[in-house]
Amino acid sequence: MLQLLNIAYSYDQKMLLENLNFNLTRQEVVCLLGESGSGKSTLLRIVAGLEKPLQGEVLWNGRNLANVPPNERNFGLMFQDYSLFPHLNVYDNIAFGLKMKKVAKSEIDTAVTQALEQIGMKAFAFRKVTELSGGEQQRVALARALAPKPHLLMLDEPLGALDHSLRVELLQELKEVLGKNGTPAIYVTHDHNEALTIGDRIAILHNGQILQNDSPEKIYNQPNSVWIARFMGMNNILSGKAVSETEVKLELASEEKTIVFEPKYPLTPGQTVHVLFRNGTIGELCEGDVCLPARVDASFFKGNSYDIRLKVNPTSMFTLQHPNQLTVGEIKTLCYQKTDLVLLFL
Ligand code: ADP
Ligand code: MG
């Protein structure tokens, strides 16, 4: 469907996107995840035809869109500030794009009714949009984007302006509506939790390129760099040195530990690698394949558990969940299964 080939873009001589490649090949929701300022909105604007890339091509079903103006691409856009028309009611807001396209009245009526059904707001058709809650306005914006049956829907941080509890609820709803509707979509966010929930696939944008493009499970279980692991909220990482083709030596507080891995490719002795520790438990004795001594540094209340921060060596802190608060200064044992450890090379 959508193919981005070697896209480059700059503002004021500063490169923002460079050699960027990206494909959307199925009816799926791809989440474009990246820090604020990484160029996500710019990339959507390039796909929409609102910006011209400095280099590269945007293809739809193999056709180069360079000379196809935005209104002929049939791509839908939905923004954070959903910009509904305040003087129009719900029905007319949803019908707006279709009227602009001079679609027949009966056809508009069918499309609007269908869109209202999809978002569960049939009863609100003749309500003023100014009388709706933020969440309801967001749904209407979604219906408005879906009504013209776009080939591709692009959503730019659509929930960014809403408060947390509403965001969680609307995100689930959005996922269901998009899933049932079947329109391929690119969903932009800077929030990794949102990305894990909404995306059939996550494409991570950093330094002008897509660094990893995988299922949420794959990204979570096998991030391909330290940067991605940290960006996804996984901060329990130690740097080490390969001492043979399969062994990595880690510096701990008062000892060195050598861990044997089964890497895909043999390690080069002397090579620096990083080890991501996922999951893990805090205990007294070693109950696992790999155990690390650690000193309790702080506890943070999280409702149904505590986040315990522990010092693993002079320069590295880990944070693990624990049912109880722990005393600062206590020495504990962090226990991991072999499958909890992920080797990162970058
Ligand atoms: P994101 O959506 O990921 O937050 P944007 O695509 O909006 O990122 O912007 C990426 C970078 O480009 C930002 O640093 C921003 O300041 C800059 N930028 C965006 N629009 C313009 C513009 N019209 N002129 C100059 N710089 C811009
Ligand atoms: Mg943006």
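Being under 21 Å from the mean Cα position of the chain (by Cα) and surrounded by fewer than 15 Cβ atoms within 10 Å (Cβ to Cβ) is the requirement here; does E217 meet it? Here the answer is yes, as E217 does meet what is asked.
Filtering the stretch 278-291 to residues that are assigned to a strand (DSSP E or B) and more than 17 Å from K241 (Cβ to Cβ) leaves T281, I282, G283, C291.
Listed by first and then second residue, the pairs with beta-carbon distance under 9 Å, at least 6 apart or on different chains, first residue in the stretch 226-241 and farther than 11 Å from L346 by Cα, second open to solvent by 20 Å² or more (accessible area, probe 1.4 Å) and of a type in the set (F, W, Y), are M232/Y220; M234/Y220. Looking only at residues of the stretch 34-58 that are touching a residue at least 60 places away in the same chain (Cβ under 8 Å) and touching an Asp or Glu at 6+ places or on another chain (Cβ under 6 Å), we find that the one that is nearest to ligand 1 (Cβ to nearest atom) is S41. In the stretch 109-127, the residues that are farther than 20 Å from T183 by Cα reach residues that are open to solvent by 10 Å² or more (accessible area, probe 1.4 Å) and among the hydroxyl-bearing types (S, T, Y) with C-beta atoms within less than 8 angstrom, at least six apart or across chains, in these pairs: K122/T113; A125/Y91; F126/Y91. Of the residues making up the stretch 163-192, those that are open to solvent by 10 Å² or more (accessible area, probe 1.4 Å) and within 16 Å of ligand 2 (Cβ to nearest atom) are H190, D191, H192.
Taken over the stretch 292-317, the residue count meeting the criterion of being part of a strand (DSSP E or B) and closer than 21 Å to A229 by Cα is 10. Among the criteria (1) at pLDDT 95 or above; (2) under 18 Å from S41 (Cα atoms); (3) aliphatic (A, V, I, L, M), the one M78 does not fulfil is (1).
Just to be sure, is I198 more than 16 Å from ligand 1 (Cβ to nearest atom) and within 12 Å of the chain's Cα centre (by Cα)? The answer is yes for I198.
Report, by residue number, each residue of the stretch 318-346 that is of a type outside the set (V, I, T) and in a loop (DSSP other than H, G, I, E, B). Of everything in the stretch 318-346, those that are of a type outside the set (V, I, T) and in a loop (DSSP other than H, G, I, E, B) turn out to be P323, N324, Q325, L326, G329, E330, Q337, F345, L346. Return a yes/no flag: does the stretch 290-306 have any residue that is open to solvent by 70 Å² or more (accessible area, probe 1.4 Å) and under 25 Å from Q222 (Cα atoms). No, the stretch 290-306 contains no residue that is open to solvent by 70 Å² or more (accessible area, probe 1.4 Å) and under 25 Å from Q222 (Cα atoms).
The values are calculated or read from the model by the stated rules, or taken from the named source; none is laboratory data. Nothing here was measured: the structure is a model prediction, and the numbers come from that model. Virtual Cβ from ideal backbone geometry, glycine too; neighbours counted across all protein chains shown. These area figures cover heavy atoms from the full protein model, side chains too; ligands, DNA and RNA do not enter into them. Shrake-Rupley method; radii C 1.70, N 1.55, O 1.52, S 1.80 Å.
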